[in-house]
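The values are calculated or read from the model by the stated rules, or taken from the named source; none is laboratory data. Not measured: the values here are computed from a predicted model. Positions of Cβ are generated from backbone atoms using ideal geometry, with glycine treated the same way; all protein chains shown enter the neighbour counts. All accessible areas refer to the heavy atoms of the entire protein, side chains included, with ligands and DNA or RNA removed. Shrake-Rupley method; radii C 1.70, N 1.55, O 1.52, S 1.80 Å.
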Amino acid sequence: QRIVVTGFSAGGQFLVRWVAMSPEGTNGVTMRRSLPLMTIPGSPSTVMYLSEERPDVSCVPDNDKGQYWSCNKFSIPSPGQDCNSRWNKYASGLGGLHWRASSEGHIRYDANRYLRKSIRATSSSKVSKQVRARWATKDVRFLFGSRDTWNCDVGACSNDCAHMLTGKSRLQRGLLFMGHLQREFPNSQPVWGIFNYGHNNFAAFSSHHFTVWALPHGNAKNNIVDGAAIYNYKVAPAYKVTDRVVVDSGAQIGEYVDRFYASWECVDICESTTGCNSFTYIPLEGKCFLKHKCVDASTPIVGQHSPMYQSQTYWKDCTHEPVETLAAEIATSTTTSTTTSPTTTTGTTPFCSNFVCPGDMVLADGAASLRGVDAG
């Protein structure tokens, strides 16, 4: 048995604060029964830093730098850039959470009452030290959308001064926060993954990373590289993913549309289907369409205003077989064809309904933050 707690957007924001404030999950287990506890915040609007340092101004450009952006320059904001000395106040940081630091009726007072159930400290620095010590032992994994790049100044996420110091978009904030965690915990690597979509909880919870991390059957599925994943999956061949579906996806040799299919399931199906070199995947619907076409990084993709902009192409390195050879192999193949519906072995559960395996995980999408500083 184990517990997975996850949330997206405001739910992810809430979880970041809960991980920092709660003793649950210390040493990777629950307090009462010592069950393994994993937390997966997805695309939080804001993050809560564990020290007074923030990314250097040069690390927070107005224009989007994409999913590979990183920064290793952190320092305490100088006067004039410290948001009137509010840059580290809860919930952008841990400031003001020590004993008797705030009066009743204030958000930091309520947060302090919760924190004092497990930590008693007389200064913000002592609170930060104890919170960091606990965080270092927890199993926390993050999900970010590769296209979650709308600037928070236009209302996509919180544009509060203190939060703007941490990044201009959700993706930028998430990536910079990974740099912060690596700086705070140099002996461990923060765990995170990219899903190829914007701010969409359905895409996050159907991503390969989420299924591998959260679902009981996921650990055996290691044959896909999804975006800028930090994992080095060992099962070849590795599939790559386009931001949007390719313009010409080629002839279809099979379709799987009878239920929701996770991306890794489509990878497995393509691998076991003769002549499959790529497939079109619709994340919001969980549908996959197998293709013989060989795709590479230079293959044109549809524009962002195309009706198909929400679909993607998964592809592997390949070379075309002669058409005659392919036709002969397909004719003698026992794999599912375009006229045969996919089947499921009786008594098995290849994918848990609505992403919920009984007793296995809790979804907290859009949960209110601690007395709600930001709707996410």
**Positions within segment 126-155 being hydrophobic (A, V, I, L, M, F, W, C), open to solvent by 20 Å² or more (accessible area, probe 1.4 Å), outside any helix (DSSP H, G or I) and farther than 17 Å from Leu37 by Cβ, in sequence order** = Trp150
**Asked** List the pairs whose first member sits in segment 140-169 and is touching a residue at least 60 places away in the same chain (Cβ under 8 Å) and farther than 18 Å from Cys59 by Cβ, whose second member is surrounded by 20 or more Cβ atoms within 10 Å (Cβ to Cβ) and among the β-branched types (Val, Ile, Thr), and whose Cβ atoms are under 6 Å apart, counting only residues at least 6 apart or on separate chains?
**Response** Val140/Val19; Val140/Thr39; Arg141/Ile40; Ser146/Ile194; Ser158/Thr46
**Request:** Out of Lys73, Lys65, report the one residue that is more than 20 Å from Glu184 (Cα to Cα) and of a type in the set (Lys, Arg).
**Result:** Lys65
**Prompt:** Being of a type in the set (Val, Ile, Thr), open to solvent by 10 Å² or more (accessible area, probe 1.4 Å), in contact with a helix residue (DSSP H, G or I) (Cβ under 7 Å, 6 or more places away or on another chain) and within 18 Å of Phe185 (Cα to Cα), is that true of even one residue in segment 9-30?
**Reply:** yes
**Hey, Asn63 open to solvent by 20 Å² or more (accessible area, probe 1.4 Å), more than 25 Å from the chain's Cα centre (by Cα) and of a type in the set (S, T, N, Q) or not** = no
**Request:** Kindly list the number of the only condition in (1) aromatic (Phe, Trp, Tyr); (2) modelled with pLDDT of 90 or more; (3) part of a helix (DSSP H, G or I) that fails for Tyr109.
**Result:** (2)
**Request:** Kindly provide the set of residues from segment 161-189 that are surrounded by fewer than 17 Cβ atoms within 10 Å (Cβ to Cβ) and either part of a loop (DSSP other than H, G, I, E, B) or in contact with a helix residue (DSSP H, G or I) (Cβ under 7 Å, 6 or more places away or on another chain) (or both), ordered by number.
**Result:** Phe185, Pro186, Asn187, Ser188, Gln189
**Asked** Looking at segment 270-294, which of its residues are hydrophobic (A, V, I, L, M, F, W, C), open to solvent by 10 Å² or more (accessible area, probe 1.4 Å) and within 25 Å of Gly198 (Cα to Cα)?
**Response** Ile282, Leu284, Phe289
